[in-house]
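Values quoted throughout were computed directly from the atomic coordinates according to the rules given, and no laboratory measurement underlies them. As the structure is a computational prediction, the values presented were derived from the model and not from experiment. We place every Cβ from the backbone using ideal geometry, glycine too, and count neighbours over all the protein chains shown.
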Amino acid sequence: MIKILLSAGEASGDLHAAALTKAILALEPTAEIYGMGGEAMRAAGGEVVFDIKDHGVMGIVEVIRKLPQLYKLKKDFRKLMQDRRPDCFVTIDYPDFNMRIASMAKEMGIPIVAYIAPSAWVWRKGRARDVAKLVNKVASIFPFEYDLYKAAGADVEFVGHPLVDIVKLHISETAAKAKAGKRDGHPLILLLPGSRIKEIKNMLPPMLKALKIIKAKNPGVDFVVPRASTIPLGMLKELIAVAGVEVHIVEGDTYDIMSVADVALATSGTVTLEAALCGLPSVICYKTSAITVAIARCLVRIPHIGLPNIVAGRQILPELIQEEMTPDNMAKEVLNFLEPSEHARIRKELKDVVKKLGKSGAVERVAKLILKQAGEHK
């Protein structure tokens with residue numbers, strides 16, 4: 001029996017882990033897949049040994065605060081690898097922690113595949129070389145990422161972006177509109193405040209203030225927010241109640257909701273690319289501790305943080321970062337995207353972004369790559 005150890009540290013990674021678990025099991029039904037993930041990975045047939053609800057963090061300062069817990073998790077991973085001896089270890093995003101686990105796996109002679117690899121094109125220049133020395137294979141999801149890792153000496157393969165496979169609609173347009181609370185002739189604004197509790201606390205209150213401004217200027221607009229599995233429902237309800245604005249909370253079918261919404265207010269991250277695949281214009285926002293931002297500004301090497309902008313090679317979606325993320329600015333950008341001509345223009349731009357993500361079948365290609373690595377190890 002082939003044994004695959006996966007490590008995904010947050011909700012977006014859990015979706016990738018789930019898709020990968022399904023693809024591996026379709027190719028190798030007897031494979032044993034286990035590790036760190038969440039509800040999606042579990043539903044796909046993977047064994048969740050470490051649940052992401054207990055380990056997701058954001059920002060440099062927040063990571064420092066959680067170091068004791070992360071240190072224990074690292075020790076637990078070591079024991080898991082010693083006890084169950086996987087044939088391949090797969091890192092899925094969550095780079096700083098996962099690369100530390102990869103280092104332990106390398107010591108034990110376990111093959112390593114980096115999937116949703118560390119964003120060396122964003123951070124320190126030597127990161128790609130560090131990853132290249134550590135892992136057996138990089139499954140690259142962006143063309144420009146492939147070039148960077150290839151130049152760093154990595155054994156890298158461009159597989160295309162998995163979201164092309166993952167972002168699919170599951171219910172009818174009529175059902176999606178009903179679930180989202182979409183009324184004919186009324187704009188629907190989708191809130192995407194994040195999948196971590198810290199993000200919700202940082203991002204949602206100012207977003208909700210922006211909604212009040214939008215509502216005052218366009219009384220016919222409606223609002224909806226999908227609840228990430230990692231966020232307690234009670235927390236969302238309490239923050240919305242305090243803000244004094246009506247927001248419909250939905251569970252599941254997020255991509256279907258994206259497909260019928262008109263504009264999104266989104267925390268920077270994978271979700272902005274998911275929205276792009278659904279043709280949904282987003283106002284990209286981000287706000288964290290001042291220390292985290294100061295450090296990041298010294299290290300980040302690219303002019304944009306939004307994934308659709310990075311893929312496009314220029315800014316096509318507005319980015320409201322830190323002090324620029326004010327309710328007035330968010331409301332202004334959302335209202336601009338509701339203008340018919342601007343809405344049509346940006347949807348065309350998003351189609352061009354999607355074309356650059358590669359053809360469908362990325363997840364199956366990664367699954368085959370992982371099984372090949374595992375098979376060679378046995």
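For the chain, what does the relative contact order come out to in percent, with C-alpha contacts under 8 Å and a separation of six or more?
The value is 18 percent.
Against the globular-protein guess of 2.2 N^0.38 Å, express the Cα radius of gyration of the chain as a ratio, rounded to two decimals.
Cα Rg divided by the expected 2.2 N^0.38 Å: 0.98.
Between Met104 and Ile249, what FRET efficiency comes out of the Förster formula 1/(1 + (r/R0)^6) with R0 = 30 Å and r the beta carbon distance, rounded to 0.05?
Result of the calculation: an efficiency of 0.15.
On a 27 Å Cα-Cα criterion, which of the cross-link pairs Lys74/Lys198; Lys137/Lys355; Lys72/Lys372; Lys198/Lys237; Lys133/Lys372; Lys3/Lys351 come out too long?
Table pairs above 27 Å Cα-Cα are Lys72/Lys372; Lys3/Lys351.
Please determine, in degrees from 0 to 90 and to the nearest 10, the orientation of helix 67-84 with respect to the longest principal axis defined by the Cα atoms of the chain, where the helix direction is its Cα long axis.
Value to nearest ten degrees: 40.
Work out how much length Leu169 to Gln322 would gain on full extension: take 0.36 nm times their residue separation and subtract the Cα-Cα distance, in nm to one decimal.
Answer, rounded to one decimal: 51.8 nm.
To make sure I understand, if each residue's beta carbon is the centre and we count other beta carbons within 10 Å, what order do Arg127, Arg183, Arg196 fall in, fewest to most?
Least to most surrounded, the residues fall as Arg183, Arg127, Arg196.
Can you compute the FRET efficiency between Lys368 and Arg42 using 1/(1 + (r/R0)^6), with r the Cβ-Cβ distance and R0 = 22 Å? Round to the nearest 0.05.
0.40
How large is the charge dipole for the chain, taken about the Cα centre, if only the Cβ atoms of Lys, Arg (+1) and Asp, Glu (-1) carry charge, to the nearest 20 debye?
For this selection, approximately 800 debye.
When the expected Rg is taken as 2.2 N^0.38 Å, what fraction or multiple of it is the alpha-carbon Rg of segment 173-355?
Rounded to two decimals, the normalised Rg is 0.97.
What FRET efficiency do you get for Asp155 and Ala344 if R0 is 51 Å and r is their Cβ-Cβ distance, rounded to the nearest 0.05?
With a Förster radius of 51 Å, E is 0.75.
Applying a 10 Å radius around every beta-carbon, put 128-137, 167-176 in order of their mean neighbour count, most first.
128-137, 167-176
Quick one: if you take sqrt(5λ) for each eigenvalue of the C-alpha gyration tensor of segment 161-219, what semi-axes come out, biggest first, whole angstrom?
Ellipsoid semi-axes (Å, largest first): 24, 21, 9.
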